[in-house]
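The values are calculated or read from the model by the stated rules, or taken from the named source; none is laboratory data. The structure presented is a predicted model; accordingly, all values stated were derived computationally and were not measured. As a convention, Cβ positions derive from the backbone with ideal geometry for all residues, glycine included, and neighbour counts pool all protein chains shown. Keep in mind that these areas ignore ligands, DNA and RNA; they rest on the heavy atoms of the full protein, side chains included. Shrake-Rupley method; radii C 1.70, N 1.55, O 1.52, S 1.80 Å.
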Amino acid sequence: MTVVLKHSIASALVLAMCGIFFIESLSYPVTAARLPQILIVILALLAVLMLVESVVRQRKQNKLDEKTEDSGLVSKVQSTKEINEIEKKEPIKIKRVLIFGTMIALYIFLLETLGYFILTPLFTFGALMYLKATNIMMAIILAVGFTVVIYFLFSMLLNVPIPLGIFF
Amino acid sequence: MEDLLVGLGNVLSFSNLFFIAVGMTLGIFIGSMPGLSATMAIAILLPLTYGMDPATGISMLAALYMGAMYGGSILAILINTPGTPAAAASGLDGYKMTEKGQAGKALGISLVSSVVGGLIGAIVLLTIAPLLGEVALKIGAVELFAIAVLGITIISSLSAGSVVKGLLSGTLGLLISLIGMDLITGTPRFTFGNIYLFDGISFVVALIGLFSVPQALRLIETDKEAVEVSKIKDKILPSWKEFVSLRMTLLRSSVIGVFTGLIPGTGGDTASWFSYNEAKRFSKEKEKFGTGHAEGLAAPESANNAVVGGALVPTITLGIPGSSTTAVLLGGLMIHGIMPGPTLMTEHAGVAYTLLWAVFFSCFFLFALGLLYTKVAVGVTKVPSKVLAPIIILLCVIGTFAVHNSMVDVMIMLGFGILGYLMDKLNIPVSPMVVGLILGAMLDTSLHTSLKISGGDWMVFLSSPVAVILLIVALITVLQSTPFFGKLKSLVAK
């Protein structure tokens, strides 16, 4: 996906949100609608500016690789920024992020029905194995260990509730 | 003065000291792990403080912040991959020392500098905050509105990347904070009939999602190879003579750190680079910088810990957090229903003054625990980052649930997590949004009150000289990033 396309989608989403929120705000009393409406207008403006900026940057980049001739501090900051950007250019394993994301979503949606004690070790073990983070033994130890530790930490020590599910 | 003593008494209780030690240990530990930040550490551990006394909880989180600032440098020194952005400057000379076989000495200098910086920051905090707290009481709604506007524009403009994106993120945060029942008119705003949204989106829930989930996803995005770390063989603490030779560097850098911390939007990373450059400029041995020179390590290290004290000044006196870390720290108060604002120092004096002292005392724990930690530090750097990802997720799911005992909160948390991840991919900074989430309520009420006083006349904001100055500064902050201002600058330069 190009940089401009990514930003177009983001701007479109923000503008859509602005539209929906603005229409919604029309039914509020004046005092309640005042600040939200100001913010919505600013937000919409910024969304457009963001898109313009990405187009301008893309063009600049196509033309020339700009060089900075700034003093020490700025160039240092610049160089760390460059390092960050290089790091980001490493190929991202999108499939892995999506699958891990799905595991998280499933964990959250099933947690209340299946309960903490069944789902937590399953999720931790499954995720560790899928990510190839450690070997099987270590994954089992970590999964069970953390389930117990977190339970004690929250429930026993601090008296905060934990979603136990229908079986417990 | 009386409050100051009450705070001192509070902090010296066994449970407070114990949790400061716990926070410090966790902070150093998490800060020293590859890919984990102080902000995330505080966010993820926020729910744990729910069951505690507010003063104890916030003290623990402040100690954690202090510890993570030092912990980030351990990685920079040992393997040259800073654990926090603030520690990047420490890697320059710190890692060179490790290469020379002086890893122990480097960690020692780093620790001593961090403690000195932290203490100086804490002393400034203890002196300025009570005074400013008094002044803050006299601030009217008009000025408060201007302060909130200035706060959000500065943070948006100074955060990394494009100003437009920073402002977009901040404005979005403000708007999201308005979701829920409007306290003044009783109108439910942007709830779209959903009953869960009536109380608004919980700040704590949003920030756990924004800081933890993207971090967990980043940890698994790429395959990073483990780095070999050599064992620490040499002596750790610097000699008294070495320490004395560093005194000017330490003092100068700490002062730089405190002042950088005071300004909203600038934090540890700016402070450490700034003080590194200054130390080099004032040094008699400029050529030694970058080759493993003690001064080059002491400067950024003392500065980034001095930031903690400085950054807390506007945060607790005015309720304007200068960075995402201090914003998250305020979450530790909000989880107990304490709203940050100019009245915090008076209405919740017990909590506020305990926090001030906690920052001070946490420095001593930093010294003791930091020294112990050097023994295991090498081992911690070997923890594979992919193991951390599922554990972070577990902690934030269970933690979020614990806040209000609600699964809907957990889903909202995940939603913010995905939002944070996508924003990261577009290089939109998250911190302005978090600060916006905090300032939204303040902006809304102060605007409402101001306009009520004036009978709906917007000119009221031009009637107070203080407000006018603040608003002009805010305007300049935004305009300085526009191409127009760049042209103007070049014209003036000619």
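Of all the listed residues (B:V163, B:V142, B:V149, B:V112), the sole one being within 28 Å of B:D3 (Cβ to Cβ), over 19 Å from the mean Cα position of the chain (by Cα) and among the hydrophobic types (A, V, I, L, M, F, W, C) is B:V142. For segment B:370-425, taking the residues that are more than 9 Å from chain A (Cβ to nearest Cβ) and not in a helix (DSSP H, G or I), the one that is farthest from B:L210 (Cα to Cα) is identified as B:K375. Scanning segment A:105-123 for residues that are in contact (Cβ under 8 Å) with a residue 12 or more places away in the chain and either over 27 Å from B:V408 (Cβ atoms) or facing another protein chain (nearest Cβ under 8 Å) (or both) gives A:Y107, A:L111, A:E112, A:Y116, A:T120, A:F123.
Screening B:A306 on (1) open to solvent by 10 Å² or more (accessible area, probe 1.4 Å); (2) under 30 Å from B:L144 (Cβ atoms) shows it passes everything except condition (1). Within segment B:93-112, the set of residues being open to solvent by 10 Å² or more (accessible area, probe 1.4 Å) and touching a Pro at 6+ places or on another chain (Cβ under 8 Å) comprises B:K105, B:V112. Listed by first and then second residue, the pairs linking a residue in segment B:152-166 that is closer than 18 Å to B:L426 by Cβ to a residue that is of a type in the set (D, E) and open to solvent by 20 Å² or more (accessible area, probe 1.4 Å), with Cβ atoms under 9 Å apart and 6 or more places separating them unless they lie on different chains, are B:A160/B:D269; B:S162/A:E53; B:V164/A:E53; B:K165/A:E53. Here A:S54 fulfils each of the conditions (1) among the polar types (S, T, N, Q); (2) in a helix (DSSP H, G or I); (3) over 23 Å from the mean Cα position of the chain (by Cα) apart from (3).
Being in contact (Cβ under 8 Å) with a residue 60 or more places away in the chain, assigned to a helix (DSSP H, G or I) and either closer than 20 Å to B:G267 by Cβ or in contact with a strand residue (DSSP E or B) (Cβ under 9 Å, 6 or more places away or on another chain) (or both): is that true of B:A43 here? Answer is yes for this residue. Looking for whichever is in contact with a helix residue (DSSP H, G or I) (Cβ under 7 Å, 6 or more places away or on another chain), closer than 19 Å to B:T270 by Cα and modelled with pLDDT of 90 or more here; the options are B:G173, B:G121, B:G151. Which one fits? Going through B:G173, B:G121, B:G151 in turn, just one is in contact with a helix residue (DSSP H, G or I) (Cβ under 7 Å, 6 or more places away or on another chain), closer than 19 Å to B:T270 by Cα and modelled with pLDDT of 90 or more: B:G121. What residue, of B:S212, B:S239, is open to solvent by 20 Å² or more (accessible area, probe 1.4 Å), small (G, A, S) and either free of Cβ contacts under 8 Å to residues at least 12 places away in the same chain or within 13 Å of chain A (Cβ to nearest Cβ) (or both)? Result: B:S239 is the single residue among B:S212, B:S239 that is open to solvent by 20 Å² or more (accessible area, probe 1.4 Å), small (G, A, S) and either free of Cβ contacts under 8 Å to residues at least 12 places away in the same chain or within 13 Å of chain A (Cβ to nearest Cβ) (or both). When A:A32, A:A10 are checked against the criterion of being more than 19 Å from B:I418 (Cα to Cα) and surrounded by 18 or more Cβ atoms within 10 Å (Cβ to Cβ), A:A32 stands alone in meeting it.
To keep it simple, each residue is scored yes or no on (1) more than 7 Å from chain B (Cβ to nearest Cβ); (2) outside any helix (DSSP H, G or I); (3) within 18 Å of B:V408 (Cβ to Cβ); (4) among the polar types (S, T, N, Q).
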| position | (1), (2), (3), (4) |
| --- | --- |
| A:F125 | yes, no, no, no |
| A:K132 | yes, yes, no, no |
| A:V149 | yes, no, no, no |
| A:M156 | yes, no, no, no |
| A:V160 | no, yes, yes, no |
| A:P163 | no, yes, yes, no |
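Within segment B:100-154, restricting attention to residues that are outside any helix (DSSP H, G or I) and of a type outside the set (S, T, N, Q), the residue that is nearest to B:S323 (Cα to Cα) is B:I139. Screening segment A:4-47 for residues that are among the hydroxyl-bearing types (S, T, Y) and in a helix (DSSP H, G or I) and picking the one that is farthest from the other protein chains (Cβ to nearest Cβ) gives A:S8. Would it be correct to say that B:A271 is in a helix (DSSP H, G or I), within 14 Å of chain A (Cβ to nearest Cβ) and within 22 Å of B:I20 (Cα to Cα)? It is false that B:A271 is in a helix (DSSP H, G or I), within 14 Å of chain A (Cβ to nearest Cβ) and within 22 Å of B:I20 (Cα to Cα).
Within segment B:176-204, the set of residues being of a type in the set (V, I, T) and either more than 7 Å from every other protein chain (Cβ to nearest Cβ) or closer than 30 Å to B:D269 by Cβ (or both) comprises B:I176, B:I179, B:T191, B:I195, B:I201, B:V204.
Taken over segment B:370-412, the residue count meeting the criterion of being under 21 Å from the mean Cα position of the chain (by Cα) and either more than 28 Å from B:G309 (Cβ to Cβ) or hydrophobic (A, V, I, L, M, F, W, C) (or both) is 4. Please go through segment B:251-280 and pick out each residue that is basic (K, R) and at pLDDT 90 or above. Within segment B:251-280, B:R252 is the sole residue that qualifies. Residue count for segment B:284-328 satisfying the condition of being basic (K, R) and assigned to a helix (DSSP H, G or I): 2.
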